[in-house]
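Inspection log for the structure reproduced underneath, given as structure tokens.
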Amino acid sequence: MKAIMVMFDSLNRHLLPPYGADWIHAPNFRRLAARTVTYDTCYAGSMPCMPARRELHTGRHNFLHRGWGPLEPFDDSMPEILKRHGVYTHLVSDHQHYWEDGGATYHGRYNSWEFFRGQEGDPWKGQVAEPEIPEDLRTTRNDLWRQDWVNRPHLDTEAKQPQTLTFDAGLEFLRTNHAEDNWFVQIETFDPHEPFFTQDHYKDLYPHDYEGPHFDWPDYNRVTETKGQEDHARYEYAALLSMCDHSLGRVLDAMDEHGLWDDTLLVVCTDHGYLLGEKGWWAKVVTPWYNELVHTPLFVHDPRSPDRAGSRDDALVQTIDLAPTLLDFFGADRTPDMQGRPLRETATARQPRESALFGMFGGHVNVTDGRYVYMRACHDDTNRPLYEHTLMPTRIRGRFTPAELSDLSLAEPFGFTKGVRTLRIEANPSPLLGPQRFGSLLFDLATDPHQEKPLVDDTVELRMIRLLVERLRASEAPADQYTRLGLPHDPGEVDEAHLLVAAQRERAEAAREPAARSDEFTEGALGLRTPLARLLAEPAATEAIRRIVPGLLDTELLTVRGAGSLLQIAAFAGHPGRAQLAALADELARLFPLPPTHHDGASSR
């Protein structure tokens, strides 16, 4: 038996032809759907990138216990379990987060692995001099973005792009090993994640008139661009998606050439989607996890069920089901910690999954039954208490600081930690990511499939709250999560006192107001590029802000993740005080003199 997983990052279900997007040029996804089961109700679980991959390995949710981080010492890893059962496992990827502090324990679980450099600001090529950057972009972005422009000249042909090299390596593995037995290869590309960087022959598939600034990498914030820019970014994403389709076709060709359909499991999946202007937002993380982000595409060919080729399955499934599916295929038992189950059971399950949990650490905690989606915000504006439970205190690209670790305590073991006590570290929920700015939301996908009209229905909300509490209990959620969300530990104790949607509706509506464009501001405001995190830590700065621009720091727009500087916050708020902004720029420059830079110090994605 053999297995291939083709995994994309930020692959939008609603932009794939098998799910109704006829304008996208993706013939190989159509071809894929004809050979596989297309799952219509697949949901992500823990987000974003590395939390999703931890689910892929462990078959259980992790976002309630900690944020982005490595596999923990107590985690069961699906590729490692397969190794112990005599299955050779191989990873080929250009996903740079595997090799950073917050992801450094994943690739070692495979027998062998290959990595290709250059995606999204990967610290790959060294260049001290400023890279050649389009003039209109030189003063607006961060170090990650600068590095991307250092890398781009080295990726000037399709053959050199990381995606192409990743699939080249995956196909080499198939050529070398197609006649062997008992292997699993994971071919994983970072695309079509932003930036939407690809060659002209893919862009030419989507002809359109555009004379605006270079724009293939939206910020994680509100749409403040023109309609023309917004459409252009969507076409840029589509072009990269078409490149992904071409790479997928190469895998399907190899399966045809080597006769792999008869004995090889094929899974084509993603971690989550991406907002391309829907609901007035770009990207992910800042907003609630709308269906554009969490209702994901999934295609599976199981050679044990050839009669299901070309069919569709509407069972409620999740990322946590992928590890059990692969273990089941190779005859390996699931671990007791796994919450998922093999996908082939959806065809015969007498008790289909009643609900699915999803979310991001410190954000909304969400549950769906396939029709309704309930997004539970924190009970109050503090978004506390919130603790990280880990034995691997690292973040995406760094480590926890000594200050953060100075007051840690040891938590009692959870069932999945195998008797091990974890560090319990108080989290500082970022004001840029707080679910309180949107409030709790309820949607009926049957009548509102695009989640444009939040529903107020106490009866439905009570039922969804009970489902949510059941899922929290099944995931062994820490006590602080119940307190943060204002929920009881027992679904039988849920009553009208726990309703939040109606009470928070006003906030949810306010979050949908359109933003002002940042180009409405004067040159004087350009001095407001001191990193926001630094300014908020300085009493003199916050005093000046409140004195010169009253109300700016009190706005909920402070919670926009893309706001790495006060200028960006002012842009989102549409602040009219041009003279005030200029005066504030002068005052901050006097208080905190900084050397000039070509990019601000905003935190990276």
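Key figures
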| item | result |
| --- | --- |
| Label-point gap, in nm, between Gln127 and Thr176 - each point 7 angstrom along Cα→Cβ | 3.2 nm |
| Share of alpha-carbon pairs per 10 Å distance bin for region 163-319, given as whole % | 9, 31, 31, 20, 8, 1 |
| Additional length obtainable on full extension of the chain from Lys160 to Ala446, 0.36 nm per residue less Cα span | 98.5 nm |
| Dipole moment magnitude, nearest 20 debye, region 353-444 about Cα centre, only Lys, Arg, Asp, Glu C-beta charged | 340 debye |
| Spherically averaged projected area in nm², based on the convex hull that wraps the Cα atoms of region 357-509 | 10.1 nm² |
| Segment Arg30-Asp263, extension gain: residue separation times 0.36 nm, minus the distance between their alpha carbons | 81.7 nm |
| Unit charges on C-beta of K, R, D, E only; dipole of region 357-509, Debye | 720 debye |
| Bins of 10 Å, starting at 0 and running to the largest distance - Cα pair percent for region 16-96 | 15, 30, 36, 18, 2 |
| Residue order, fewest to most beta carbons within 10 Å, for Met50, Met392, Met375 | Met392, Met50, Met375 |
| Asp22/Asp333 FRET efficiency (R0 41 Å; Cβ-Cβ; nearest 0.05) | 0.45 |
| Cβ-based exposure ranking for Tyr43, Tyr98, Tyr88, in which fewest neighbours within 10 Å come first | Tyr88, Tyr98, Tyr43 |
| Relative contact order computed over region 251-408 (Cα-Cα under 8 Å; 6+ residues apart), in percent | 15 percent |
| Qualifying aspartates and glutamates (Cα of each under 17 Å from Cα of Lys227; at least 8 residues distant if same chain) | Asp209, Glu211, Asp216, Asp219, Glu236, Glu278, Glu513, Asp519, Glu520 |
| Above-threshold pairs, the threshold being 20 Å between Cα atoms, out of Lys160/Lys284; Lys279/Lys453; Lys125/Lys160; Lys2/Lys83 | Lys160/Lys284 |
| Lys/Arg +1, Asp/Glu -1 at C-beta; region 258-315 dipole; positive extreme among Gly273, Trp289, Gly259 | Trp289 |
| Those residues of region 367-392 whose amide nitrogen sits under 20 Å from the label point placed on Arg546, 7 Å along Cα→Cβ | 381-383 |
| Alpha-carbon spread of region 144-221, three principal axes, descending order, Å | 53, 29, 25 |
| Cβ-derived FRET efficiency at R0 25 Å, Asp136 paired with Asp204, nearest 0.05 | 0.60 |
| Inter-label distance for Lys83 and Lys453, nm, one decimal - labels placed 7 Å from Cα along Cα-to-Cβ | 5.4 nm |
| Paramagnetic label zone (point 7 Å from Cα along Cα-to-C-beta, Ala497; backbone N under 17 Å) in region 355-387 | 379-380 |
| Global geometry of region 2-350, whether rounded, prolate or oblate, following the gyration tensor of its Cα atoms and the 1.5 cut on a/c | prolate |
| Nearest-0.05 FRET efficiency for Glu412 and Met1, computed from C-beta distance (R0 60 Å) | 0.90 |
| Loop-located GluC sites (Glu not before Pro) in region 263-369, at most 16 other Cβ atoms within 10 Å (DSSP) | Glu354 |
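Any read-out appearing in this document is the output of simple, stated calculations on the displayed coordinates, not a laboratory observation. Quick caveat, the model's predicted, so the values are computed rather than measured. Neighbour counts run over all protein chains shown; Cβ positions are idealised from the backbone, glycine included.
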